[in-house]
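Enquirer: First the structure, then my questions, so here it is.
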Amino acid sequence: MTEDISASFSLTQLSHKLKTGELSSEQLVTHCLNRIDKYDQPVNAFITVTGEQALSEAKQADRRRRQGDPRPLLGIPIAHKDLFCTQGTLTSCGSRMLANFVAPYDATVVNRCRAAGLISLGKTNMDEFAMGCSNETSFFGPVNNPWDMARTAGGSSGGSAAAVAADLVPVATASDTGGSIRLPAAFCGRTGFKPTYGRISRYGMVAFASSLDQAGVIAREVEDIAQMLNCLVGHDKRDSTSSRMPWTDPLPLMQKGCQKMRIGIPVALLDRLDGDCRKSFETAVAVLQELDAELVDIELPHAHYGVAIYHVIAPAEASANLSRYDGVRYGHRCDSPKDLEDLYIRSRTEGFGFEVKRRILTGTYVLSAGYADAYYRRAQSIRRLIRDDFEKAFDRVQLVATPTTIGPAFKKGEKLQDPVAMYQQDAFTVLANLAGLPCISTPAPPVAGLPYGLHLQARPFDEISLLQAGHALQQHTQWHRQTPETAT
Amino acid sequence: MSLDSQLLDHLLFLSRMELSENERKLILQDFERTLAMIDVMHAANCDSVPPLENPVSQTLELRADEQTEEVDREALQQMAPEVTNGLYRVPRVI
């Protein structure tokens, strides 16, 4: 039974088994909790596991299903990245600052999952305040890649990606400010989806950089992503950036595939790839071509400024957002402060880790008197040029394809002493955040035995084209079905 | 631009944080490299390009200035480090 469940860890298959009674939610949740017990200690994907509550909810879900409740996701387990507020359960954001923070309310993402009948198994590990791409900045220790425990799972949603990769849970929520869904999904061999800026409410999602942050999902298959988007998308009056753009159920449209789709390839950006990565990318896009997509060379003339301006805009917004952590209303407070200034300084000094401090200082620098125009304002102008480049490209093509990352998962510690090398990991992914585009990372052929990702981007609110192309690719390949040996 | 010890002290003051000696050394050393990476943006020709604050062209909605929800003061203050008589407690200011 156990192996059967793991082998069919797609939401569609699980939903079918639950509906036909072949599987109960209690069995499924028990199976996942057993796997977490067995495999999570070396992986470190979870910060909090809410097993008892999950089992109680599973029993309720089984009762409801017997009474005719038709919700397709009823009784399926999920894990939430530990920056989504969960009423009554720790929301640490991977930081000592919030290591004691229990939110008094649920994030809209959590609420909508609950309304769909999904059962939360707990909260997943992440880079502190989502600042990192290797999950090595978490106060709760690094997440290890289930494919090779000596390597990073990627970040910042490393816990969500590793939990799905190791089949600890079939789906997990995540967030993406510069690549934090797609990069760990690529490193762990799973599918990661960042919708258009504003598509999914961020109410109750701890803020990092507000003009870039977007909630999303990591799962095994594109079809799972489509089901989750049906559950999560929709206007939320509690988030002023939440979009009212109409949403159509993508599931009946998935079979259309990528026929006649024009897919742009910014060839100049591929120069930095080594031979194996380039070959993997070319193999993946060749499958799309075989499926009747047309590959077109395009130019994104300002794309090479992406990482530079991201590391102006994101820290600037982070330095403002993180000013709320003052040790007064919630979060870490130092012992015996001698005055208010001492309370602020020591609480923040003790509560934040080194990378967070570094980014707050960078943000304070680029916003401070004399530098704001030269850095922040200029970066926002270049951001417009990058968005305009994409708009021009989308006049000619429906999707833009690149690899997700410049290489497969690197070894832990390898880039910790070189922040610039670490920041370059996001070179392909930051562009979509800067331009607000929806995008997907889906597994491509492995590189040196490690997972690697194909990254597709679409014009704002055209999530459906990404799902169609990604689904077509997964229908004709097996890369997304691989499971790491450490988890079998 | 560069970061010297005096400017770092000013940034630390603005952001209400302190660094250990080792962290100071690392920040000063890494900041040079980070700024070098960032400074490539000065090559872009963007003087006449307006900044882009919101990536998606949509107007943020304003809501009516009406109270729609009650705040549960007690629940909110349960997570505070120190509360006295329904007020957040901090060290004496005056």
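The values are calculated or read from the model by the stated rules, or taken from the named source; none is laboratory data. Computed from a prediction, not measured in an experiment: that's the story for all the values here. Methodologically, a virtual Cβ is constructed for each residue, glycine included, from the backbone with ideal geometry; neighbour enumeration extends over all protein chains shown.
Enquirer: Just one of the numbered conditions (1) closer than 30 Å to residue A:106 by Cβ; (2) within 7 Å of chain A (Cβ to nearest Cβ) is not true of residue B:82; which one?
Expert: The one condition residue B:82 does not meet is (2).
Enquirer: Is it true that residue B:20 is farther than 30 Å from residue A:245 by Cα, polar (S, T, N, Q), under 19 Å from the mean Cα position of the chain (by Cα) and modelled with pLDDT of 95 or more? Walk me through it before giving the result.
Expert: On the way: farther than 30 Å from residue A:245 by Cα: yes; polar (S, T, N, Q): yes; under 19 Å from the mean Cα position of the chain (by Cα): no; modelled with pLDDT of 95 or more: yes.
Considered against the rule, which asks whether it is farther than 30 Å from residue A:245 by Cα, polar (S, T, N, Q), under 19 Å from the mean Cα position of the chain (by Cα) and modelled with pLDDT of 95 or more, residue B:20 comes out as no.
Enquirer: For residue A:106, which of the numbered conditions (1) buried (at least 18 other Cβ atoms within 10 Å of the Cβ); (2) in a loop (DSSP other than H, G, I, E, B); (3) within 14 Å of chain B (Cβ to nearest Cβ); (4) out of contact with any Cys (no Cβ under 8 Å at 6 or more places or on another chain) fails to hold?
Expert: Only one criterion in (1) buried (at least 18 other Cβ atoms within 10 Å of the Cβ); (2) in a loop (DSSP other than H, G, I, E, B); (3) within 14 Å of chain B (Cβ to nearest Cβ); (4) out of contact with any Cys (no Cβ under 8 Å at 6 or more places or on another chain) is unmet by residue A:106, namely (4).
Enquirer: If we scan the stretch A:218-236, do we find a residue that is under 30 Å from residue B:62 (Cα atoms) and within 14 Å of another protein chain (Cβ to nearest Cβ)?
Expert: Residues of the stretch A:218-236 under 30 Å from residue B:62 (Cα atoms): A:228-236.
Checking which are within 14 Å of another protein chain (Cβ to nearest Cβ) leaves us with A:235-236.
Checking the stretch A:218-236: at least one residue is under 30 Å from residue B:62 (Cα atoms) and within 14 Å of another protein chain (Cβ to nearest Cβ).
Enquirer: A further question follows. Kindly indicate whether residue A:12 is polar (S, T, N, Q) and closer than 23 Å to residue A:191 by Cα.
Expert: When the stated conditions are applied, residue A:12 passes them.
Enquirer: Hey, does the stretch A:429-447 have a residue that's closer than 30 Å to residue B:29 by Cβ and of a type in the set (S, T, N, Q)?
Expert: Step one: list which residues in the stretch A:429-447 are closer than 30 Å to residue B:29 by Cβ, which gives A:429-431, A:433-434.
Then keep just the ones that are of a type in the set (S, T, N, Q); that gives A:429, A:433.
Looking for residues that are closer than 30 Å to residue B:29 by Cβ and of a type in the set (S, T, N, Q), one finds at least one in the stretch A:429-447, hence yes.
Enquirer: I would also like to ask the following. For the stretch A:350-367, which residues satisfy the criterion of being surrounded by fewer than 21 Cβ atoms within 10 Å (Cβ to Cβ) and more than 7 Å from chain B (Cβ to nearest Cβ)?
Expert: A:350, A:353, A:355, A:367
Enquirer: Identify, by number, the condition in (1) surrounded by fewer than 24 Cβ atoms within 10 Å (Cβ to Cβ); (2) among the small types (Gly, Ala, Ser); (3) in contact with a His (Cβ under 6 Å, 6 or more places away or on another chain) that residue A:347 doesn't meet.
Expert: (1)
Enquirer: In the stretch A:301-320, which residue that is at the interface with chain B (Cβ under 9 Å from one of its Cβ atoms), assigned to a helix (DSSP H, G or I) and not aliphatic (A, V, I, L, M) is nearest to residue B:44 (Cα to Cα)?
Expert: Of the residues in the stretch A:301-320, the ones at the interface with chain B (Cβ under 9 Å from one of its Cβ atoms) are A:302, A:304-305, A:307-309, A:311-312, A:319.
Next, only the ones that are assigned to a helix (DSSP H, G or I) stay: A:304-305, A:307-309, A:311-312, A:319.
This time we only want the ones that are not aliphatic (A, V, I, L, M), so: A:304-305, A:311, A:319.
On the way: A:304: 10, A:305: 8, A:311: 16, A:319: 25 Å.
Here the residue is A:305.
Enquirer: So residue B:11 fits all but one of (1) more than 7 Å from chain A (Cβ to nearest Cβ); (2) among the hydrophobic types (A, V, I, L, M, F, W, C); (3) surrounded by 14 or more Cβ atoms within 10 Å (Cβ to Cβ); (4) under 19 Å from residue A:344 (Cα atoms); what number is the exception?
Expert: Condition (1) is where residue B:11 drops out.
Enquirer: Pull up the stretch A:109-119, narrow it to residues that are within 19 Å of residue A:52 (Cβ to Cβ) and surrounded by 24 or more Cβ atoms within 10 Å (Cβ to Cβ), then point me to the one that is nearest to the other protein chains (Cβ to nearest Cβ).
Expert: First, the residues of the stretch A:109-119 that are within 19 Å of residue A:52 (Cβ to Cβ): A:110, A:113-114, A:117-119.
Then drop every residue that is not surrounded by 24 or more Cβ atoms within 10 Å (Cβ to Cβ), which leaves A:110, A:113, A:118-119.
On the way: A:110: 17, A:113: 22, A:118: 24, A:119: 24 Å.
Selected residue: A:110.
Enquirer: Just to confirm my filter: which helices (runs of 4 or more DSSP H) fall fully inside the stretch A:364-465 and include at least 1 residues that are β-branched (Val, Ile, Thr), in contact (Cβ under 8 Å) with a residue 12 or more places away in the chain and in contact with a His (Cβ under 8 Å, 6 or more places away or on another chain)? First the steps, then the outcome.
Expert: Values: elements: A:378-396, A:419-423, A:430-435.
The helices (runs of 4 or more DSSP H) meeting that bar are A:378-396.
Enquirer: Scan the stretch A:397-404 and tell me whether some residue there is facing another protein chain (nearest Cβ under 8 Å) and out of contact with any Ser or Thr (no Cβ under 6 Å at 6 or more places or on another chain).
Expert: Filtering the stretch A:397-404 for residues facing another protein chain (nearest Cβ under 8 Å) gives none.
The answer is no, given that none of the residues of the stretch A:397-404 is facing another protein chain (nearest Cβ under 8 Å) and out of contact with any Ser or Thr (no Cβ under 6 Å at 6 or more places or on another chain).
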